[in-house]
Amino acid sequence: MPAARVEYIAPWWVVWLHSVPHLGLRLQRVDSTFNPREESYQESLLLLGLVAAVCLGLNLIFLVVYLVCVCCCRQDDTVQTKQRNSCCVTWMAVVAGLVCCAAVGVGFYGNSETNDGVHQLIYSLDNANHTFSGIDDLVSRTTQKMKVDLEQHLDRLSEIFATRGDYIQTLKFVQQMASSVIAQLSRVPVWRDVTAQLTELADQTSYVEYYRWLSYLLLFVLDLIICLIACLGLAKHSKCLLALMLCCGMLALLLSWTSLAADSAAAVGTSDFCVAPDTFILNITEGQLSTEVTRYYLYCSQSVSSPFQQALTSFQRSLTTMQIQVVGLLQFAVPHFPTAEKDLLRIQLLLNSTESSLHQLTALLDCRGLHKDYLDALGGVCYDGIEGLLYLGLFSLLAALAFSTMICAGPRAWKHFTTRDRDYEDIDDDDPFNPQARRIAAHNPPRGQLHSFCSYSSGLGSQTSLQPPAQTISNAPVSEYMNQAMLFGGNPRYENTPLIGRGSPPPTYSPSMRATYLSVADEHLWPYRNELPA
């Protein structure tokens with residue numbers, strides 16, 4: 001059987017992360033061997049988080065400079081400039097939204113991978129704890145049987161066989177074998193402390209992982225909500241939604257860089273462990289377990305013999321000898337001492353159950369089961385766990401890029417909204433060309449009929465003959481706009497055009513339209529000037 005150790009090979013990303021320079025806070029070189037209890041090693045991981053903090057500072061400086069430039073820059077309010085700015089803001093928002101959605105997708109995958117790796121680690125720790133607990137339980141029960149139960153039966157048999165010295169010698173020999181079994185069991189290490197440490201590690205890991213997974217899930221939801229707010233703000237031209245998006249985007253930017261710092265430190269530290277996990281385990285178990293026992297479970301190969309083989313063999317030999325002696329007493333002593341049969345049968349059952357426990361103990365002490373749990377734990381941490389952390393780091397970078405783009409697009413959109421609202425404020429509220437007035441008119445109830453005093457009768461020549469005709473003016477801005485637009489098309493019919501009588505031009509957005517209107521109005525009003533002196 002080949003060595004089982006070849007089943008674990010550190011993946012390339014572990015080697016790559018382990019090669020990241022480890023520097024202290026004073027920028028001195030630090031040993032990259034995984035040693036979380038050493039202060040210099042802790043400083044090297046802390047420095048990785050500080051690098052992310054520096055990147056956050058540079059990002060904020062860039063955003064501040066960009067926002068100042070955008071706010072201080074003045075552009076010509078031409079139609080082409082407005083269209084170009086609007087298009088630029090739209091494309092920036094689209095790109096930022098797509099990048100944010102891609103980042104959330106990558107983050108979901110990375111969060112799931114990390115969670116799977118951690119749960120595999122916890123599952124392996126629970127299996128190892130179950131094995132260790134089983135070993136301690138079997139050793140404790142077997143020792144109890146040899147010390148208490150067997151001693152009670154031997155004492156009663158000693159009283160029964162008091163007149164037979166040969167039977168007494170047999171009982172003493174059985175008692176010596178029982179003491180030998182107890183001595184062999186004492187060579188099996190007690191795993192109580194190891195079990196307590198692994199249980200605490202599993203509980204702490206499960207607790208931290210739950211809140212880590214939940215925190216990232218909430219961060220993903222927050223990012224998607226910010227993207228939705230940005231889309232609604234741009235679609236509805238809402239300054240409130242835009243301001244909310246800018247505030248939440250800044251918060252998400254800070255959280256993204258913070259998560260990147262945590263992921264970077266965790267990935268590098270875990271990679272340092274995964275490069276040489278055996279060395280770290282040998283160091284932390286020194287003083288608690290013998291190096292021989294630790295190596296046996298870490299490497300589990302044919303070249304490494306079991307440290308319990310001799311003890312188990314002596315245990316089996318002593319147990320077999322005791323069974324032979326008890327069978328002999330049943331055959332030769334019971335016919336002369338019938339009262340001894342019950343105790344001898346009880347001893348025989350006890351030895352049979354002890355033999356069964358011996359087989360179970362041999363299976364539990366075998367390295368293959370615990371070594372498999374060890375490899376599963378390494379696979380969960382070093383493969384799925386670190387891979388998930390890398391994807392989470394990529395999510396943080398993409399999210400930081402997306403929200404930086406949103407924050408850059410925010411002032412441009414705000415400036416565009418402000419210019420648009422200022423253009424509408426310069427227009428009369430009653431102006432039918434005003435889009436806001438059209439929107440208001442569409443929601444207001446119909447007004448009462450209005451009379452125009454500015455229409456002229458073609459058959460009357462005096463001002464006193466003017467009668468205000470009763471005509472209904474439609475509230476529909478499109479209809480009035482069409483009636484007035486016919487004036488510029490040369491149509492001589494001017495029904496429902498009260499602005500002509502007032503001599504005031506219609507609201508316009510172009511000086512050329514105003515000049516055209518005044519010239520046409522003078523031309524049509526010229527025949528009536530003699531009839532209607534001022």
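The values are calculated or read from the model by the stated rules, or taken from the named source; none is laboratory data. Keep in mind that this is a model prediction, so the values were computed, not measured. A quick note on method: Cβ atoms are made from the backbone with ideal geometry, for glycine too, and the neighbour counts reach across all protein chains shown. Calculation scope for accessible area: heavy atoms of the full protein, side chains included, ligands and nucleic acids excluded. Shrake-Rupley method; radii C 1.70, N 1.55, O 1.52, S 1.80 Å.
Listing for the model above:
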{"item": "Filter pass, LEU344 being more than 30 Å from GLY249 (Cβ to Cβ), surrounded by fewer than 17 Cβ atoms within 10 Å (Cβ to Cβ) and at pLDDT 90 or above", "result": "no"}
{"item": "First in the range 141-167 and basic (Lys, Arg), second anywhere and in a loop (DSSP other than H, G, I, E, B), Cβ under 9 Å, 6 or more apart", "result": "ARG164/ALA333; ARG164/HIS336; ARG164/PHE337"}
{"item": "Residues of the range 358-371 classified as out of contact with any Ser or Thr (no Cβ under 8 Å at 6 or more places or on another chain), in contact (Cβ under 8 Å) with a residue 40 or more places away in the chain and not polar (S, T, N, Q), total", "result": "2"}
{"item": "Some residue of the range 388-409 being open to solvent by 10 Å² or more (accessible area, probe 1.4 Å), under 30 Å from GLN175 (Cα atoms) and in contact with a helix residue (DSSP H, G or I) (Cβ under 6 Å, 6 or more places away or on another chain)", "result": "no"}
{"item": "Residue count, the range 233-243 (criterion: surrounded by fewer than 17 Cβ atoms within 10 Å (Cβ to Cβ) and assigned to a helix (DSSP H, G or I))", "result": "5"}
{"item": "Residues (open to solvent by less than 60 Å² (accessible area, probe 1.4 Å) and over 24 Å from HIS371 (Cα atoms)) located in the range 296-325", "result": "SER314, PHE315, GLN316, SER318, LEU319, THR320, THR321, MET322, GLN323, GLN325"}
{"item": "Restricting the range 350-384 to residues that are part of a helix (DSSP H, G or I) and among the acidic types (Asp, Glu), the residue that is surrounded by the fewest Cβ atoms within 10 Å (Cβ to Cβ)", "result": "GLU355"}
{"item": "Any chance ASP263 is in contact (Cβ under 8 Å) with a residue 12 or more places away in the chain, within 30 Å of ALA96 (Cα to Cα) and part of a helix (DSSP H, G or I)", "result": "yes"}
{"item": "Residue in the range 10-28 that is of a type outside the set (S, T, N, Q) and closer than 30 Å to ALA409 by Cα present", "result": "no"}
{"item": "Any hit, the range 276-293, residues being hydroxyl-bearing (Ser, Thr, Tyr), open to solvent by 50 Å² or more (accessible area, probe 1.4 Å) and not in a helix (DSSP H, G or I)", "result": "yes"}
{"item": "Residues being open to solvent by less than 50 Å² (accessible area, probe 1.4 Å), of a type in the set (A, V, I, L, M) and outside any helix (DSSP H, G or I) - total across the range 181-192", "result": "1"}
{"item": "Subset of the range 11-63 [more than 26 Å from the chain's Cα centre (by Cα), more than 18 Å from ALA399 (Cα to Cα) and part of a helix (DSSP H, G or I)]", "result": "GLU39, SER40, TYR41"}
{"item": "Residue list for the range 193-232, filter: closer than 30 Å to THR285 by Cα, acidic (Asp, Glu) and either exposed (fewer than 12 other Cβ atoms within 10 Å of the Cβ) or in contact (Cβ under 8 Å) with a residue 60 or more places away in the chain (or both)", "result": "ASP193, GLU200, GLU209"}
{"item": "Members of the range 118-132 that are out of contact with any Leu (no Cβ under 9 Å at 6 or more places or on another chain) and not hydrophobic (A, V, I, L, M, F, W, C)", "result": "HIS119, GLN120, TYR123, HIS130"}
{"item": "When residues of the range 143-180 are limited to those that are among the aromatic types (Phe, Trp, Tyr) and surrounded by 14 or more Cβ atoms within 10 Å (Cβ to Cβ), the one farthest from GLY328 (Cα to Cα)", "result": "PHE161"}
{"item": "Residue ID - nearest to PHE403 (Cα to Cα), chosen from residues in the range 23-49 that are hydrophobic (A, V, I, L, M, F, W, C), free of Cβ contacts under 8 Å to residues at least 40 places away in the same chain and open to solvent by less than 80 Å² (accessible area, probe 1.4 Å)", "result": "LEU47"}
